[in-house]
1. Charges only on Cβ, +1 for Lys and Arg, -1 for Asp and Glu: so what's the dipole of segment 221-299 about the Cα centre, in debye to the nearest 20?
2. Of all the Cα-Cα pairs you can form in segment 166-218, what percent are over 16 Å apart?
3. Quick check: pseudo-label points 7 Å beyond the Cα along Cα→Cβ at Ala204 and Glu105, how many nm apart are they?
4. For the chain, report the accessible area per residue in Å² (1.4 Å probe, heavy atoms, rounded to an integer).
5. Calculate how steeply helix 60-86 sits against the longest principal axis of the alpha-carbon atoms of the chain, using the helix alpha-carbon long axis, and give the answer as 0 to 90 degrees to the nearest 10.
6. Helix 43-52 against the longest principal axis of the chain: what's the angle in degrees, Cα atoms only, rounded to the nearest 10?
7. With 5 Å bins from zero, work out the P(r) of segment 1-144 over every alpha carbon pair and list the percent per bin.
8. At a 1.4 Å probe, what is the % contribution of carbon and sulfur to the accessible area of the chain?
Amino acid sequence: MRVIGLMSGTSYDAIDAAAAELTLDGDSLVLRPLGLVDEQYDADLREALAAALPPAATSLADVCRLDTLIGRSFAAAAVRADRELCDGSAELVASHGQTVYHWTEDGQVRGSLQLGQPAWIAEATGLPVVADFRPRDIAAGGQGAPLVSLIDLLWLRGRPGTPVALNLGGIANLTAPNGTAFDTGPACALVDAAAQGLSGGSLAYDVDGALAARGSVHGPLLRRLLDEPYYALPAPKTTGKELFHLGYLRDALAGFGTLTAEDVIATLTRLTARTVAEAVRGVGATEVIASGGGTRNPTLIAMLAEELPGVPLRTSDELGLPPDAKEAYAFAVLGFLTLHGLAGTEPASTGARHPSVLGSITPGRGGLRLPPSADRAPVRLVLK
């Protein structure tokens, strides 16, 4: 089955659309990558989305408009992926949508909201769409994240030692072979916020880690940032930009006088490297396989390597999955599992009471024709 996976992360700069040929073969799920296309959010939509995200106030009217506009953007990405990667032969779309709020209280997730109405995708492509993946796991007592953990477990099964999958997006998350999975804290979220806020909006992020490379880590600021209570919480745990945002950074900078943008960003980059490394050591990792946009920041990767002496640090493309496309491929897999009646969660990773079949299905133009339910769940992911 040819499946298109759609993903836009917490940096909300673009939609990744990855196409995959997926086949169940005994106890293996075979994935043949077909490629990736990116669909940029237009400037007005990105500005409207940024203006609506916490801690900003918003309205139901704004939420309704964003749900439609994001849905149309996701639909455009799916149409492109079907045409350019599948020659019009895609059979299913799996859409993560755009996370706008992750509601946590006392360490427990109460809800999670992703916008991007799937009806627009189904209408534009004519294909069935699996979307709204997170709420079912939350209803079962889980964190609703990180949902890529099941794919990580299947993918890394059989590698020697204790390999850990690490995603460096706006937020960093990891998956260990025993099923432990959690958000470690910010990856690029605070760096991006600083680049945008300290440049007056002329920069969206620290391009190639150049600002951090020119700066020096400010020890007192780093120590203050490391005092954040989130880092001491036990797994499973999740977080997002509702905690790590520009206002959070401004509060942390209070009392330090004027620091250069380079020093602030160098300190935030070291914060990411330090908190990720502490989490990696905490699960006894012997190897780290990284993906996500943060892998394109050589300063971050160099700092992470410094924090993890003796632990090999690789990117996911060395194992066959492009770092920028891994999450989109993961949601293609989750959509495929849903359509075949298979659970898409590992309770040890999310903290749920039981595995769950994830998401809601929006029928395509020809109605809904489900394939026969699979006899057994796959135990490994094989790339071809």
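The values are calculated or read from the model by the stated rules, or taken from the named source; none is laboratory data. Please read these numbers as outputs of a predicted model, since none were measured by experiment. With ideal geometry, Cβ positions are generated from the backbone for all residues, glycine too; neighbour counts draw on all protein chains shown. All accessible areas refer to the heavy atoms of the entire protein, side chains included, with ligands and DNA or RNA removed. Shrake-Rupley method; radii C 1.70, N 1.55, O 1.52, S 1.80 Å.
1. 60
2. 52
3. My value for the distance between the label points is 3.6 nm.
4. Result: 40 Å² per residue.
5. 60
6. It works out to around 70 degrees.
7. 2, 10, 18, 20, 18, 15, 10, 5, 2, 0, 0
8. 52
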